[in-house]
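*Asks:* One structure is given below, represented as structure tokens, and several questions about it will come after.
Any read-out appearing in this document is the output of simple, stated calculations on the displayed coordinates, not a laboratory observation. Just so it is clear, the structure is predicted and the values come from calculations on it, not from any experiment. In this analysis, Cβ positions are derived from the backbone assuming ideal geometry, glycine residues included, and neighbour counts consider all displayed protein chains.
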Amino acid sequence: MDSLKAALDRLTRAVDRLEHAAAAREERVVKREQELTESLREARVEQARAQETAETVSKRLELAIGRLEAVLEN
């Protein structure tokens with residue numbers, strides 16, 4: 001009977017270790033997911049800023065080209 005009790009104790013400890021490992025892994029996965037979500041949000045904000053800048057530069061270039069064409073035509 002002692003060997004059965006010892007085996008059950010070892011099994012219980014092994015299951016406890018597995019549960020602890022699974023919980024720790026879940027925490028790491030959740031943390032990584034949060035980090036990736038934040039990185040994606042930041043990338044989207046940066047992309048929107050870059051798009052706005054590109055549009056502003058494009059408009060300014062079009063105006064400058066228009067002025068140069070007007071000067072060359074006169």
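*Asks:* Could you tell me which of S39, A50, I65 has its Cα farthest along the dipole of the chain towards the positive end, charges placed at Cβ (Lys, Arg +1; Asp, Glu -1), taken about the Cα centre?
*Replies:* The residue sitting most towards the positive pole is S39.
*Asks:* Label Q51 and D2 with points 7 Å out from Cα along Cα→Cβ: what is the distance between them in nm?
*Replies:* Roughly 7.4 nm, to one decimal.
*Asks:* Continuing with the same structure: Which value in Å does the Kirkwood hydrodynamic radius of the chain take, with 1/r averaged over all unlike C-alpha pairs and then inverted? Provide the component values of the computation, followed by the final result.
*Replies:* On the way: mean 1/r = 0.0545 Å⁻¹.
Value: 18.3 Å, from the Cα pair sum.
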